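Worksheet: the structure to be examined is printed underneath.
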Amino acid sequence: MEDNINLIKNVSVPEREEIIIDFARRLETASREALVYGEGRFAVLSANMAEAIRVNADELAREQPETAERVLRQACAMISRFKAAYPHRVLSRSVH
C-alpha cells in the first residue's frame, strides 16, 4: 500500500485514479470486516471515507496529487490500525 502512495505523483492520471479507487475498495472491505467484529464506529467511518474517496477520485487524480497522497496516507493509517487491532482475517461475514 505504501508503495502505491509513493508512486502516485509519478504515474499517469488514469493510473492515479485506479490507485485511489483501489484504496476506496480496501476501506470498504475493512468496513465490512469491522461490522463482523462489532466495530460499528470504524465501519461507518471507513465506509464514509471510502465513499468520499470514490466520489472525488477523478478530481483528486487530475487536479490535486498532493491532496490525493495525503488522503491515501490517512486511509492507509486507518486500515493499518484496524489490522493491528484485529490481525486475523475474516473468513465468513455472516452476522447474526
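Among (1) within 19 Å of residue 89 (Cα to Cα); (2) touching a helix residue (DSSP H, G or I) at 6+ places or on another chain (Cβ under 6 Å); (3) touching a residue at least 24 places away in the same chain (Cβ under 8 Å), where does residue 36 come up short?
Here residue 36 meets the rest and fails (2).
Does the stretch 65-77 contain at least one residue that is free of Cβ contacts under 8 Å to residues at least 60 places away in the same chain, surrounded by fewer than 19 Cβ atoms within 10 Å (Cβ to Cβ), in contact with a helix residue (DSSP H, G or I) (Cβ under 9 Å, 6 or more places away or on another chain) and basic (Lys, Arg)?
no
Determine whether residue 26 is of a type in the set (Lys, Arg) and surrounded by 13 or more Cβ atoms within 10 Å (Cβ to Cβ). Before you say what the answer is, go through the steps one by one.
Working: of a type in the set (Lys, Arg): yes; surrounded by 13 or more Cβ atoms within 10 Å (Cβ to Cβ): yes.
Yes.
Could you list all residues from the stretch 32-58 that are among the small types (Gly, Ala, Ser), open to solvent by 10 Å² or more (accessible area, probe 1.4 Å) and touching a Leu at 6+ places or on another chain (Cβ under 9 Å)?
Passing the criteria: only 47.
The values are calculated or read from the model by the stated rules, or taken from the named source; none is laboratory data. As the structure is a computational prediction, the values presented were derived from the model and not from experiment. When we count neighbours, we look across all protein chains shown, and the Cβ atoms used for this are built from the backbone with ideal geometry, even at glycine. Accessible surface is based on the protein model in full, side chains and every heavy atom, while ligands, DNA and RNA are left aside. Shrake-Rupley method; radii C 1.70, N 1.55, O 1.52, S 1.80 Å.
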